[in-house]
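Chemist: Let me give you the structure first, and then I'll get to my questions.
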Amino acid sequence: MQTVITRFPPSPTGTLHIGGARTALFNWLFARHHRGKFILRIEDTDVARSTEESVKAILDAMEWLGLEWDEGPYFQTDRFEVYRTYLQTLLD
């Protein structure tokens, strides 16, 4: 049996809105129900609008909601080299 893995990728361009909170909750509940993992990935590729204050607000909101993540938070901008490596593998 494979492990269920869900993720929530908010964009740090503002505070966590109700739709994002709902999505995070559903993914967290699904992972917990199936004894899986819930991964938090910060979608910070919109460099012009992403802010550290928004990241902090999102993390604080997730903690306030009791949505503990099992991995992360991973920041997309920190993972560009990983993606380039796999892209090159696909191209070769």
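Chemist: Restricting attention to segment 47-58, and to residues there that are small (Gly, Ala, Ser) and part of a loop (DSSP other than H, G, I, E, B), which single residue is nearest to SER11 (Cα to Cα)?
Modeler: Per the stated criteria, the residue is SER50.
Chemist: Separate question: Report, by residue number, each residue of segment 13-28 that is in contact with a strand residue (DSSP E or B) (Cβ under 6 Å, 6 or more places away or on another chain) and in contact (Cβ under 8 Å) with a residue 24 or more places away in the chain.
Modeler: Answer for segment 13-28, where residues must be in contact with a strand residue (DSSP E or B) (Cβ under 6 Å, 6 or more places away or on another chain) and in contact (Cβ under 8 Å) with a residue 24 or more places away in the chain: ALA24, TRP28.
Chemist: Ok, one more. Among the residues of segment 59-81, is any part of a helix (DSSP H, G or I), in contact (Cβ under 8 Å) with a residue 12 or more places away in the chain and surrounded by fewer than 16 Cβ atoms within 10 Å (Cβ to Cβ)?
Modeler: The answer is yes, given that some residue of segment 59-81 is part of a helix (DSSP H, G or I), in contact (Cβ under 8 Å) with a residue 12 or more places away in the chain and surrounded by fewer than 16 Cβ atoms within 10 Å (Cβ to Cβ).
Chemist: Follow-up question, since we're still on this one. Among what's in segment 16-34 and is closer than 26 Å to PHE80 by Cβ and not hydrophobic (A, V, I, L, M, F, W, C), pick the residue that is surrounded by the fewest Cβ atoms within 10 Å (Cβ to Cβ).
Modeler: Of everything passing the filter in segment 16-34, THR23 is surrounded by the fewest Cβ atoms within 10 Å (Cβ to Cβ).
Chemist: For segment 35-58, enumerate the residues that are farther than 30 Å from GLN2 by Cα, in contact (Cβ under 8 Å) with a residue 12 or more places away in the chain and surrounded by 11 or more Cβ atoms within 10 Å (Cβ to Cβ).
Modeler: Those that are farther than 30 Å from GLN2 by Cα, in contact (Cβ under 8 Å) with a residue 12 or more places away in the chain and surrounded by 11 or more Cβ atoms within 10 Å (Cβ to Cβ): THR45, ASP46, ARG49, SER50, THR51, SER54, VAL55, ALA57.
Chemist: Every residue in segment 1-15 that is surrounded by fewer than 18 Cβ atoms within 10 Å (Cβ to Cβ) and outside any loop (DSSP other than H, G, I, E, B), please.
Modeler: Correct list: ILE5, ARG7.
Each value in this text was obtained by applying a stated rule to the coordinates, not by laboratory testing. Every value quoted in this text rests on a predicted model; they were computed, and no experiment measured them. As a convention, Cβ positions derive from the backbone with ideal geometry for all residues, glycine included, and neighbour counts pool all protein chains shown.
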